[in-house]
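Asks: Following this message is one structure expressed as structure tokens.
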Amino acid sequence: MDAIIAFLFEAIRYGTPLLYGTVGEIVTEKAGSLNLGVEGLMALGAIGGFWVGAVTDSIILGILAAFLSAALGGLVYSVLTVTFQANQNVTGLTLTIFGVGLYEFIGATLSANKVFPEIKEGGHIEFMKSDSGIPLLEDIPYIGKLLFSHNILVYLGLILAVGLWFYMNKTKVGLKLRATGENYGAADACGVNVTLYRYFHIIFGAGISGVGGLYLGVIINNGKWNPGWINGYGWIAVALVIFAKWSTSRALYGSLLFGALTILNARKGNLKEAFPSVLGWVDKIPDEFYQMLPFVITLVVLVVSSITSKGKGDQPSCCGLNYYREDR
């Protein structure tokens, strides 16, 4: 049982940044924008939160900095695609290249301690390094370790996913958001400020993705900067949007599944220990197979989704399209 708990605990930890990236992209796409820059946004959030958190030693300021850093990237994306009608795919890819490049440049400088003396040698930071857990509840046998021993960002992600589902499906503002993503012209004709709704939700969704990037750095990588923090998580998050059928509630178990796939290589011993007669062979498979598995499954999700019929809960009709008000 301990081996199963340990595996599921790690699956939740590694699925959390995917949850943030997926939820952020769902919010963006509900507003009619396909932002392929999630990888770059997570990188911006990671380095922004890492920098401010290291200097201030504050979890709150670190999270806020991660959100604002990525939100700034979302603002740039909004200006280019909403105001200047730039191609959304090209803009998103450019944002990824810029965000990852800036993250590696600033991160290397911080880690080497060349410019910012507040950062300890090696880029170590103390804020939010380990899982703190919920007092008393974390002492409950089995479920305490599994459910109540995580960092605050895990629970914040859960609240965000559920809260945004309620917001988009049960509120008047959420209805206007979904109407915007389904038909710009119809929403505009009904009095919805399409430009404002798109700007706000693109920026807000970008900020959420940025917090996921921060989680990757300070929790999964123990507060030590390295150039492989993001490591394709943003692209998996984009595919998870499709897997979740544009529902933030479905993103919860989708991120858990892909989190489990991500840690298979490191935690295959737990599976072998828990089910020796059934999974005794797992450690005989090359490590490279487990490393590529999340990305292979991502491709499978994209292929399957492209050949299945479109139904309820699928991609918003205007997602990826620019709005020309004169043409409505």
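Since every read-out is calculated from the coordinates, none of them should be taken as a lab result. It should be emphasised that the depicted structure is a prediction, and the values quoted were computed from it without experimental measurement. Note that we place each Cβ from the backbone using ideal geometry, even for glycine, and neighbour counts take in every protein chain shown.
Asks: Say we join alpha carbon atoms closer than 10 Å with springs in a Gaussian network model of the chain; which of Pro17, Pro227, Pro141 then has the biggest fluctuation?
Replies: Pro141
Asks: Once you charge only the Cβ atoms, +1 for Lys and Arg and -1 for Asp and Glu, what is the size of the charge dipole of the chain about its Cα centre, to the nearest 20 debye?
Replies: 780
Asks: Next question. Give the residues of the range 7-35 whose amide nitrogen is closer than 18 Å to a point set 7 Å from the Cα of Thr171 in the direction of its Cβ.
Replies: Under 18 Å, as judged by backbone N against the label point of Thr171, lie 23-32 of the range 7-35.
Asks: Take every Cα pair under 8 Å in the range 2-327 that's 6+ residues apart, average their separations, divide by the length, and report that relative contact order as a whole percent.
Replies: Values: 600 pairs, mean separation 115.4, N = 326.
35 percent.
Asks: Okay, next question. Sort 36-43, 79-86, 133-140, 155-162 for me by packing, meaning the mean count of neighbouring Cβ atoms within 10 Å per residue, highest on top.
Replies: Those peptides, ordered most packed to least, come out 36-43, 155-162, 79-86, 133-140.
Asks: Take each of the peptides 63-75, 175-187, average the number of other beta-carbon atoms within 10 Å over its residues, and list them starting from the highest.
Replies: Packing order, densest peptide first, comes out as 63-75, 175-187.
Asks: Between Asn193 and Arg325, what is the spin-label point distance in nm, taking each point 7 Å from the Cα along the Cα→C-beta axis?
Replies: That separation, rounded to one decimal, is 1.1 nm.
Asks: Counting other beta carbons within 10 Å of each Cβ, put Thr195, Thr262 in order, fewest first.
Replies: Exposure proxy ranking, most exposed first: Thr195, Thr262.
Asks: Continuing with the same structure: Set Lys and Arg Cβ to +1 and Asp and Glu Cβ to -1, take the dipole of the chain about its Cα centre, and tell me which of Gly207, Ala3, Val241 lies farthest positive.
Replies: Val241
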